[in-house]
Amino acid sequence: MIQFRQLYFSLVLSLFTLASVIANPAVDKVKVKNYLLKTNRTIGFAHMVVKKTKVFNGNLSKSVNHERLAKKYYNENQLEKALYHSYRARVLANEVIAENKAKAPMDASFTAEEQQMTSGKPSDRQLDDDLAKEVPASVNGKDEDLMNGNLDIDIQ
């Protein structure tokens, strides 16, 4: 009877472990890099739109700062954090594009796989709070400051 209980306990534990692995697959560095690259292209498009329309509301700057933080996390191998901040950056870049009445490029949308990769992400507010803690100067960033310079979001 004791052996049966041990076997049953081991089986249940194995099933829970398997379920957690399936629900939260390990983050693949190549997939994260591709995710960040798509976000970079979306931000680049948003940057071009703002440069043309001159509509400055701070969302472009916030988007760039989230992507810079994502880049930092990616380089530190903190891949989940990189994904979450890149997600927030792309959402903000999409808002910039929509606010300026431009047609979003294909890279702006999220695939089903990308949505799955970020399914456990913190709230937008939490990500914004994390950004403010990590990069305090980003809170008051201005879109205008980005018009003549490198966005510094390229991933190597």
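Quick one: length gained pulling ASN148 to GLU76 fully straight, 0.36 nm per residue minus the C-alpha distance? Can you show the working numbers first?
Working: separation 72, 0.36 × 72 = 25.92 nm, distance 2.84 nm.
In short, 23.1 nm is gained.
Expressed as a whole percentage, what fraction of the accessible surface of the range 29-137 belongs to carbon and sulfur atoms when a 1.4 Å probe is rolled over the protein heavy atoms? Intermediate results must be reported in sequence, preceding the final value.
Numbers: 2950 of 5520 Å².
Answer for the range 29-137 is 53 percent, counting heavy atoms of protein chains only.
Among the lysines, which fall within straight-line cross-link reach of LYS54, defined as a Cα-Cα distance under 23 Å, with same-chain neighbours fewer than 8 residues apart omitted?
Reachable lysines: LYS62, LYS101, LYS103, LYS142.
Among 127-136, 31-40, how do they line up from the highest to the lowest mean number of other beta-carbon atoms within 10 Å? Intermediate results must be reported in sequence, preceding the final value.
Details: 127-136: 15.1, 31-40: 20.6.
The densest-packed peptide leads the list: 31-40, 127-136.
Taking the alpha-carbon distance from LYS71 and a cut-off under 12 Å, which aspartates and glutamates remain once sequence neighbours fewer than 8 residues away in the same chain are dropped?
GLU80, ASP152, ASP154
What are the aspartates and glutamates whose alpha-carbon lies under 12 Å from the alpha-carbon of LYS51, with same-chain residues fewer than 8 places away excluded?
The reachable aspartates and glutamates, counting only those whose Cα sits under 12 Å from LYS51, are ASP143, GLU144, ASP145.
What FRET efficiency would be calculated for the residue pair GLU99, ALA132, taking the C-beta separation as r and a Förster radius of 22 Å, to the nearest 0.05? Could you put the intermediate results ahead of the total?
Details: r = 22 Å, r/R0 = 1.01.
So the FRET efficiency works out to roughly 0.50.
Based on a Kirkwood Rh over C-alpha pairs, give the Stokes-Einstein translational diffusion coefficient of the range 29-137 at 20 °C and viscosity 1.002 mPa s in µm²/s.
Working: Rh = 13.7 Å.
Reported coefficient: 156 µm²/s.
The values are calculated or read from the model by the stated rules, or taken from the named source; none is laboratory data. Because the structure is predicted, anything quoted here is derived from the model rather than measured. Cβ atoms come from the backbone with ideal geometry, glycine included; neighbour counts cover every protein chain shown. For the accessible areas, the whole protein counts, side chains as well, though only heavy atoms, and no ligand, DNA or RNA atoms are used. Shrake-Rupley method; radii C 1.70, N 1.55, O 1.52, S 1.80 Å.
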